[in-house]
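Below is one structure; the comments refer to it alone.
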Amino acid sequence: IGPDVIDIRKLYAQTGMFTYDPGFLSTASCQSTITYIDGDKGELLYRGYPIEQLATQCDFLETCHLLLYGELPDEKAKDEFTRRVTLHTMVNEQMQFFLRGFRRDAHPMAVMTGLVGALSAFYHDSTDINNPEHREISAIRLIAKMPTLVAMAYKYATGQPYIYPKNSLSYTANFMRMMFATPCEEYEPNDVLVRALDRIFILHADHEQNASTSTVRLCGSSGTNPFAAIAAGVACLWGPAHGGANEAALNMLHDIQRQGGVDKIGEFIKQVKDKNSGIKLMGFGHRVYKNYDPRAKLMQETCREVLAELGLENDPLFKLAMALEKIALEDEYFVSRKLYPNVDFYSGIVQRAIGIPVSLFTAIFALARTVGWIAQLNEMIADPEYKIGRPRQLYSGSVKRDVRPIGQR
Ligand code: ACO
């Protein structure tokens, strides 16, 4: 296909040979026009636009339009897209009863996996993934309903009444209100905080063929319905090596803080370098970025803005994170392995400052990534050559043998 890429399908057709590549370190599973990452330069583009420009000049719904339809909207298209998404922010009242079946202390990602999967039980009119109209309305419903579902999961966990969407607010301000308002007290969205959360959504909106996106593609390739495929993505995202890293990174910072803060960083780094400890520097390292993750830079700036707005410039966790980053980036272990902060290193500090509980971080990530999952799913299904995903394996089990009667085994 290109100078460094072999089309293995041709090789397979000619020779029957296939590749052995656990963890897909060197296998492209698809062609895509959505997101480009240059891991060596630390560059990220959505549909050709640098993430830095999108994060500072566009809002999340414009970014959703770009990912879904390939172009940034003009004002008219933006108004129309916003109107369509806004029309679908409510969820069926029956969802409340479904939610009630969960323990209140259930992890929000367990709840979200269930809630998103359950949407297919409510929208029988749009479960044919091969029908472009079904995919389109499912996309709008999912983008519109994810904030409502995440906020409902939060309210349920805290024993508070649900707050219904207020469609006169922007997408992100509406989400924050559903999270933080109560029937006793209205929530006045703060522009700086709304903008910060909106930026978090933009930075997490897509990241090409990561584990959860590949899961969504594989799941969708069987012809299952769009809601089921996105629920599979939510489940995959939960893991600490992927979306769960933001929660793990903040917990790690809290642990170091409890043990003595900046003075204990050296000791902590020593543990990370000891392979037997099983401890990783969470929020560091990436399969593709072998340079600074551009999202981490934007996240660090956002962190400063939010903390300044809240009068928390001396936030001890932010100081600790910056000191930890500095020490790690000067340490031979991290330098030689090209381990840099990823998007999760600072996003937890921003979310915590906004008032989002740590246990909800990965659900916020799922909310933001939903559009990327859908865009990738649509791209796959719209390709006339798409086939069910079916990896091969290298069998290393027993040779053929006969079953003996149970008394002789
Ligand atoms: N802390 C300490 N050592 C690390 C870390 C880390 N965070 N990340 C990688 N390494 C080490 C590995 O132990 C390995 O060392 P070795 O060569 O001596 O065996 C080397 O660096 C290469 O790492 P791999 O695990 O081979 O890299 P891989 O591409 O498989 O993993 C991953 C990438 C999963 C992100 C890894 O860096 C990691 O676990 N990081 C911490 C979790 C995290 O922050 N995840 C979020 C990723 S971004 C996202 O999903 C939004």
| remark: Scanning region 192-222 residue by residue, those assigned to a loop (DSSP other than H, G, I, E, B) and either closer than 27 Å to GLU133 by Cβ or among the hydroxyl-bearing types (Ser, Thr, Tyr) (or both) turn out to be ALA205, ASP206, GLU208, GLN209, SER221, SER222
| query | Quick one: in region 350-390, which of the residues that are open to solvent by 10 Å² or more (accessible area, probe 1.4 Å) and over 30 Å from GLN31 (Cα atoms) is farthest from the ligand (Cβ to nearest atom)? | reply | GLY355
| said: Would you confirm, using the coordinates I've provided, whether TYR164 is closer than 20 Å to ARG83 by Cα, away from the ligand (no atom under 16 Å from the Cβ), aromatic (Phe, Trp, Tyr) and part of a loop (DSSP other than H, G, I, E, B)? | reply: yes
| Out of all the residues in region 8-23, is one or more open to solvent by less than 50 Å² (accessible area, probe 1.4 Å) and under 28 Å from TYR69 (Cα atoms)? | no
| task | Just give me the residues in region 57-87 being exposed (fewer than 13 other Cβ atoms within 10 Å of the Cβ) and touching a helix residue (DSSP H, G or I) at 6+ places or on another chain (Cβ under 8 Å), in sequence order. | result | GLU71, LEU87
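Can you find a residue in region 153-169 that is open to solvent by 30 Å² or more (accessible area, probe 1.4 Å), more than 30 Å from GLU186 (Cβ to Cβ) and in contact with a helix residue (DSSP H, G or I) (Cβ under 7 Å, 6 or more places away or on another chain)? Quick ask: steps written out before the conclusion?
In the first step, residues of region 153-169 are kept if they are open to solvent by 30 Å² or more (accessible area, probe 1.4 Å); the result is 154, 157-162, 164, 166-169.
Still in the running and more than 30 Å from GLU186 (Cβ to Cβ): none.
No: zero hits.
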| Residues of region 223-267 being open to solvent by 30 Å² or more (accessible area, probe 1.4 Å), of a type outside the set (S, T, N, Q) and part of a loop (DSSP other than H, G, I, E, B), which ones? | GLY223, TRP238, PRO240, ALA241, HIS242, GLY260
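Quick one: in region 325-349, of everything that is of a type outside the set (Phe, Trp, Tyr) and outside any helix (DSSP H, G or I), which residue is most open to solvent (accessible area, probe 1.4 Å)? Talk me through it step by step, then tell me what you get.
Here is the first cut: in region 325-349, the ones of a type outside the set (Phe, Trp, Tyr) are 325-332, 335-339, 341-344, 347-349.
Okay, now just the ones that are also outside any helix (DSSP H, G or I), so 330-331, 337-339, 341-343.
On the way: GLU330: 129, ASP331: 26, ARG337: 109, LYS338: 100, LEU339: 40, PRO341: 2, ASN342: 15, VAL343: 5 Å².
Filtering first and then ranking leaves GLU330.
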| task | Return the pairs, sorted by first residue and then second, in which the second residue is part of a helix (DSSP H, G or I) and near the ligand (Cβ under 8 Å from one of its atoms), the first residue lies in region 332-349 and is of a type in the set (Gly, Ala, Ser), the beta carbons are less than 6 Å apart, and the residues are 6+ apart or on different chains. | result | SER347/ASN246; GLY348/ASN246; GLY348/ALA249
| In region 88-122, the residues that are open to solvent by 30 Å² or more (accessible area, probe 1.4 Å) and within 17 Å of ARG141 (Cβ to Cβ) | HIS88, MET90, ASN92, GLU93, GLN94, PHE98, ALA121, PHE122
| task | Determine whether region 195-209 contains at least one residue that is open to solvent by less than 10 Å² (accessible area, probe 1.4 Å), more than 16 Å from the ligand (Cβ to nearest atom) and either touching a Phe, Trp or Tyr at 6+ places or on another chain (Cβ under 8 Å) or in contact (Cβ under 8 Å) with a residue 60 or more places away in the chain (or both). | result | yes
| In region 25-45, residue farthest from THR213 (Cα to Cα) [restricted to those that are under 19 Å from the mean Cα position of the chain (by Cα) and within 15 Å of the ligand (Cβ to nearest atom)] | GLY42
| note | Counting only residues in region 275-294 that are assigned to a helix (DSSP H, G or I) and open to solvent by 10 Å² or more (accessible area, probe 1.4 Å), the one nearest to ASP40 (Cα to Cα) is identified as LYS275
| task | Could you grab me the full set of residues in region 235-249 that are more than 8 Å from the ligand (Cβ to nearest atom) and free of Cβ contacts under 8 Å to residues at least 60 places away in the same chain? | result | CYS236, GLY239
| request: Run THR33 past the list (1) more than 25 Å from ASN378 (Cα to Cα); (2) in a loop (DSSP other than H, G, I, E, B) and report the number of the one that doesn't hold. | output: (1)
| Counting only residues that are free of Cβ contacts under 8 Å to residues at least 24 places away in the same chain and in a loop (DSSP other than H, G, I, E, B), how many does region 94-135 have? | 3
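To keep it simple, each residue is scored yes or no on (1) at pLDDT below 95; (2) of a type in the set (Lys, Arg); (3) more than 16 Å from the ligand (Cβ to nearest atom); (4) touching a Lys or Arg at 6+ places or on another chain (Cβ under 9 Å).
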{"residue": "THR215", "(1), (2), (3), (4)": "no, no, no, no"}
{"residue": "SER221", "(1), (2), (3), (4)": "no, no, yes, yes"}
{"residue": "ASN251", "(1), (2), (3), (4)": "yes, no, no, no"}
{"residue": "ARG295", "(1), (2), (3), (4)": "no, yes, no, no"}
| Within the set of pairs 6 or more residues apart or between chains, which connect a residue that is free of Cβ contacts under 8 Å to residues at least 60 places away in the same chain inside region 256-269 to a residue that is open to solvent by less than 80 Å² (accessible area, probe 1.4 Å) with Cβ atoms less than 6 Å apart? | GLY261/LEU320; LYS264/ILE256; PHE268/ILE256
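Tally time: how many residues in region 284-331 are farther than 24 Å from ILE37 by Cα and touching a residue at least 24 places away in the same chain (Cβ under 8 Å)? Don't jump to the end; show me each part of the working.
Narrowing region 284-331 to residues farther than 24 Å from ILE37 by Cα: 304-324, 326-327, 330-331.
Then keep just the ones that are touching a residue at least 24 places away in the same chain (Cβ under 8 Å); that gives 305-307, 309-310, 312, 315-321, 323-324, 327, 331.
Of the residues in region 284-331, 17 are farther than 24 Å from ILE37 by Cα and touching a residue at least 24 places away in the same chain (Cβ under 8 Å).
The values are calculated or read from the model by the stated rules, or taken from the named source; none is laboratory data. Computed from a prediction, not measured in an experiment: that's the story for all the values here. Virtual Cβ from ideal backbone geometry, glycine too; neighbours counted across all protein chains shown. Note: areas computed on protein heavy atoms with side chains; ligands, DNA, RNA excluded. Shrake-Rupley method; radii C 1.70, N 1.55, O 1.52, S 1.80 Å.
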